Amino acid sequence: MNLSIYDLTEQYLNSFYEIEEITKEVKVECLQMMKKILLDKWTDKDIIREMNYFLQTNKNKIPMPSFYRWLSNRKNNQTEINLLHPEHYYAHSELQIRPPKPKRTIDYNEGVVKKQTSDYYLEMRSSYTVHDLMKYYLKLFGGITSIKEHRQLKGAFEYLLRFYNVEMLLFMMDVASIEVKEKKVKINGKEPFFIEEYKNEAIEILTEKQNEMLIGGCKVVPRKRKLLGRSRYILSNEKKEYMDS
């Protein structure tokens, strides 16, 4: 599941604060501290893991700065490096979190098709890693099977990241994928360097999307959330674990 900075902040608030303690000031403080954590290149998976461990070892409410200071001494536990910036608006859909597509259901009593939609929101993913880039690449091109080839692919993307940012690489892959499918261009899928041939087209697409963003006033629109507070959050998790067992 892809998490935004708001998802991470929500989980922290629910894990360490009672509902009556979650004031507007506390929300703002926790959100700002989460930004600092993400700027230190922590991924959402690592943050959740460390948060759960911290929760087990610190049963009482712990203010956000304490968790941040605690994390700063545990950088050796980072399994991957986060490639995103928490305050950047990303135009590529792979880096966005949007509502699910509307569902259509048949009401047999009324004999009509009803459309179920969710409230609009637009958030950015809190983290993206080299392995996420690899997954996106393999989804488009495939061709990698052995452990050795996976390692080579990882090394190739780590090299490409010296020259291109994540979003640029994603658009380059998109353009390359279209060319391969429509023009049946032959590629060596085991080496992603061929996507550099489509750099100029990717720049045009990214520039166009950025211009649309400026003209249309695109911005992050957080999803509406209902905070539970520590007590109800723990109870809801215990109930879920019971139902799943």
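Some notes on this structure:
- Extension gain, residue 225 to residue 77: 0.36 nm times the residue separation minus the Cα-Cα distance gives 50.3 nm.
- Couplings 3J(HN,Hα) of the range 71-78, computed from phi: 5, 4, 9, 10, 5, 5, 8, 6 Hz, in residue order, whole Hz [Karplus 6.51 cos²θ - 1.76 cosθ + 1.60, θ = phi - 60°; x for Gly and Pro].
- Close amide H partners of residue 125, meaning residues 5 or more places away or on another chain with modelled amide H under 5 Å apart, are 96, 97.
- Most fluctuating residue given options 229, 216, 155, as computed from a GNM of the chain linking Cα atoms under 10 Å: 216
- Percent of Cα pairs exceeding the 26 Å cut-off, where the set is the chain: 53
- In summary, the aspartates and glutamates within cross-link reach of residue 209, defined as a Cα separation below 12 angstrom excluding same-chain residues under 8 places away, comprise 167.
- Dipole moment magnitude, nearest 20 debye, the chain about Cα centre, only Lys, Arg, Asp, Glu C-beta charged: 480
- Relative to the longest principal axis of the Cα atoms of the chain, helix 5-16 runs at roughly 20 degrees.
- Phi angles across the range 194-206 convert, under the Karplus curve 6.51 cos²θ - 1.76 cosθ + 1.60 with θ = phi - 60°, into 3J(HN,Hα) values of 5, 5, 5, 5, 10, 4, 4, 5, 5, 4, 4, 5, 5 Hz, Gly and Pro given as x.
- Cut-off 18 Å, label 7 Å out along Cα→Cβ of residue 208, residues of the range 74-102 by amide N: 91-94
- The accessible area of residue 25, taken with all protein chains in place and a 1.4 Å probe, comes to roughly 130 Å².
- Under a Gaussian network description of the chain, with springs only between Cα atoms under 10 Å, the residue in 69, 104, 223 that fluctuates furthest is 104.
- At a probe radius of 1.4 angstrom, the accessible area of the range 86-208 per residue rounds to 62 square angstrom.
- Cross-link pairs exceeding 29 Å between alpha carbons, from the set 154/219; 41/154; 103/139: 154/219.
- If you sort 103, 75 by accessible surface, 1.4 Å probe, largest first, the order is 103, 75.
The values are calculated or read from the model by the stated rules, or taken from the named source; none is laboratory data. Here the structure is a predicted model, which is why all the values come from computation and not from measurement. So basically every Cβ, Gly included, is an ideal-geometry build from the backbone, and we count neighbours across all protein chains shown. Heavy atoms of the whole protein, side chains included, go into the accessibility calculation; ligands, DNA and RNA do not. Shrake-Rupley method; radii C 1.70, N 1.55, O 1.52, S 1.80 Å.
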